[in-house]
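S.K.: Please see the structure below; I have some questions.
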Amino acid sequence: MRIKPFLVEEWMNEYETGAKYNIAETCVDSISMNELFELTGEDKEKFLREFCDRRLTYGDIEGLPSFRRGVCRLYKTLGEENIVPSHGAAGANHHVFYSILEPGDRVVSIMPTYQQLYSIPESYGAHVHMLRLKNEDGYIPDLKELKKLVTPDTKMICINNPNNPTGALMGNDVLEEIVAVAERAGAYILCDEVYRHLTQEDRWQDSVADLYDKGISVGSMSKVFSMAGLRIGWMATRDKDLIRSFLSHRDYDLVSCGMFDEAVASLALAHGDVILARNKGIVRENLRMLHRWVEKEEHVRYTRPGGGTTALLHYDYDIPSVELCRDMYHSRGVFVTPGDCFEEPGSLRIGYAADRQVLADGLKAMSGYFRDLEKGKNDVYMRG
């Protein structure tokens, strides 16, 4: 099976470990186990003692019940039976395509988005039709264009809410319109919702799994709960046949998730409101900092994110984004992601949910880099 290189992941793999100012990371500032126990007030010694007494078997094949119950609290209409754990959200997205799609199926996906949502279907032989999100629309899908692309033989619509890389947030009214389009075609909707609940305003953000019987929500502990190291996510849907298919296909490539991962995730989800309060505070305060910085940078513009942890910054320097980001990394130690990784030239993606001081120092270093560009001091600029 051939698949296109995963551009954003290859970029992260190459540069992440040596960065001085990592403002490419998309998780909310990660927490340690000690911080988890401090936040939740749970007894660390009791938790570890009880876990260390467990035999290291495969555990609960369909998922630890307390973990699935915790995930259910993130939805309005779902029960334990509607949740299938996976190896992160990346594993969940792949598993959905693996369980549903066949060669020749018609798929409609948005762009820009996380590359999994179109490259994996292509690799399975699906015919993928792109709905280009536009800056002038605030990166919200054009529903008229969606209706043209979704034909009666469409198998699946792939969306991402809040959007990665732009941070655009589709409101509940837009989601309901997309559901109506899918219903007319009898199509599934896969919605990558790994940033759901990280909104800039206090409001409930609906999930497609609550709105539509053929809606599939993908989530994880990585972004919203600051625990990427657990490598645990899930698929959520009300479609019982899909659940059976997910579990059947899962026997071939996963069997079960890690016992420790599920135990720690269960503890975190039992206190999800506490962790969400922490993380909403971080993304809201940090976005205010980023917004003030953008307003002062005359060569940078963006559509202010409505949710998530990322923003897409457009610049007007005559430099390809890969060259700019690589040169800024080596000259200033600033690590961001080129817009070309998302087929958005002339831009870069920033992850603004890092430690506040790291973000402040990284933005200051970016400003210094841009001033050098304007003075013709950078090698990349001189080559341009």
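The values are calculated or read from the model by the stated rules, or taken from the named source; none is laboratory data. In this text, all values refer to a predicted model and were calculated from it rather than measured experimentally. We place every Cβ from the backbone using ideal geometry, glycine too, and count neighbours over all the protein chains shown. Heavy atoms of the whole protein, side chains included, go into the accessibility calculation; ligands, DNA and RNA do not. Shrake-Rupley method; radii C 1.70, N 1.55, O 1.52, S 1.80 Å.
S.K.: What is the residue count in segment 269-278 for residues that are surrounded by 16 or more Cβ atoms within 10 Å (Cβ to Cβ) and closer than 27 Å to residue 212 by Cα?
M.R.: The qualifying residues number 4.
S.K.: Additional query: When you look at residue 266, is it out of contact with any helix residue (DSSP H, G or I) (no Cβ under 8 Å at 6 or more places or on another chain), hydroxyl-bearing (Ser, Thr, Tyr) and open to solvent by less than 20 Å² (accessible area, probe 1.4 Å), yes or no?
M.R.: No, not satisfied.
S.K.: Looking at 45, 81, which one is open to solvent by 80 Å² or more (accessible area, probe 1.4 Å), farther than 25 Å from residue 245 by Cα and not polar (S, T, N, Q)?
M.R.: One residue alone meets the criteria, 45.
S.K.: What do you reckon, is residue 354 among the small types (Gly, Ala, Ser), open to solvent by 10 Å² or more (accessible area, probe 1.4 Å) and closer than 21 Å to residue 13 by Cα?
M.R.: Considered against the rule, which asks whether it is among the small types (Gly, Ala, Ser), open to solvent by 10 Å² or more (accessible area, probe 1.4 Å) and closer than 21 Å to residue 13 by Cα, residue 354 comes out as yes.
S.K.: Do we find that residue 224 is in contact with a Lys or Arg (Cβ under 8 Å, 6 or more places away or on another chain), closer than 27 Å to residue 133 by Cβ and among the hydrophobic types (A, V, I, L, M, F, W, C) in this structure?
M.R.: yes
S.K.: Here are 225, 246, 260: which of them is aromatic (Phe, Trp, Tyr), at negative phi and open to solvent by 20 Å² or more (accessible area, probe 1.4 Å)?
M.R.: 260
S.K.: Those residues that are within 13 Å of residue 184 (Cβ to Cβ) and either part of a helix (DSSP H, G or I) or open to solvent by less than 40 Å² (accessible area, probe 1.4 Å) (or both), I need them from segment 136-160; list them, please.
M.R.: 143, 146, 147, 148, 149, 150, 151, 154, 157
S.K.: Follow-up question, since we're still on this one. Check whether at least one residue in segment 56-63 is free of Cβ contacts under 8 Å to residues at least 40 places away in the same chain, open to solvent by less than 80 Å² (accessible area, probe 1.4 Å) and out of contact with any Pro (no Cβ under 7 Å at 6 or more places or on another chain), and report yes or no.
M.R.: no
S.K.: Also, quick follow-up: Within segment 196-204, does at least one residue satisfy the condition of being part of a helix (DSSP H, G or I) and of a type outside the set (A, V, I, L, M, F, W, C)?
M.R.: No, segment 196-204 has no match at all.
S.K.: Please verify whether residue 129 is touching a helix residue (DSSP H, G or I) at 6+ places or on another chain (Cβ under 9 Å) and in a helix (DSSP H, G or I), treating the condition exactly as stated.
M.R.: So residue 129 fails the test.
S.K.: Turning to a different aspect of this structure: What number of residues within segment 100-122 satisfy the criterion of being part of a helix (DSSP H, G or I) and open to solvent by 20 Å² or more (accessible area, probe 1.4 Å)?
M.R.: The total comes to 1.
S.K.: Which of the residues belonging to segment 182-195 are of a type outside the set (Gly, Ala, Ser) and assigned to a helix (DSSP H, G or I)?
M.R.: 183, 184
S.K.: Then there's this: Among the residues that make up segment 317-328, is at least one of them out of contact with any Pro (no Cβ under 7 Å at 6 or more places or on another chain), open to solvent by 10 Å² or more (accessible area, probe 1.4 Å) and among the aromatic types (Phe, Trp, Tyr)?
M.R.: yes
S.K.: Let me ask you something else. Any residue at all in segment 15-26 that is farther than 27 Å from residue 309 by Cα, modelled with pLDDT under 95 and of a type outside the set (A, V, I, L, M, F, W, C)?
M.R.: No, there is no match, as no residue in segment 15-26 is farther than 27 Å from residue 309 by Cα, modelled with pLDDT under 95 and of a type outside the set (A, V, I, L, M, F, W, C).
S.K.: I would also like to ask the following. Taking segment 1-40, which residues are part of a loop (DSSP other than H, G, I, E, B) and within 30 Å of residue 273 (Cβ to Cβ)?
M.R.: Selection gives 23, 24, 25, 26, 27, 28, 29, 30, 31, 32.
S.K.: Looking at (1) part of a helix (DSSP H, G or I); (2) open to solvent by 90 Å² or more (accessible area, probe 1.4 Å), which one does residue 71 not meet, given that it meets all the others?
M.R.: (2)
S.K.: Follow-up question, since we're still on this one. When the residues of segment 1-24 are filtered to those that are among the aromatic types (Phe, Trp, Tyr) and over 22 Å from residue 118 (Cβ atoms), which remaining residue is least open to solvent (accessible area, probe 1.4 Å)?
M.R.: It comes out as 15.
Every residue, every condition in (1) open to solvent by 10 Å² or more (accessible area, probe 1.4 Å); (2) free of Cβ contacts under 8 Å to residues at least 60 places away in the same chain; (3) closer than 28 Å to residue 105 by Cβ, yes or no:
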site: 178; (1), (2), (3): no, yes, yes
site: 191; (1), (2), (3): no, yes, yes
site: 200; (1), (2), (3): yes, no, no
site: 207; (1), (2), (3): no, no, yes
site: 230; (1), (2), (3): yes, yes, no
site: 235; (1), (2), (3): no, no, yes
site: 250; (1), (2), (3): no, no, yes
site: 254; (1), (2), (3): yes, no, yes
site: 280; (1), (2), (3): yes, no, no
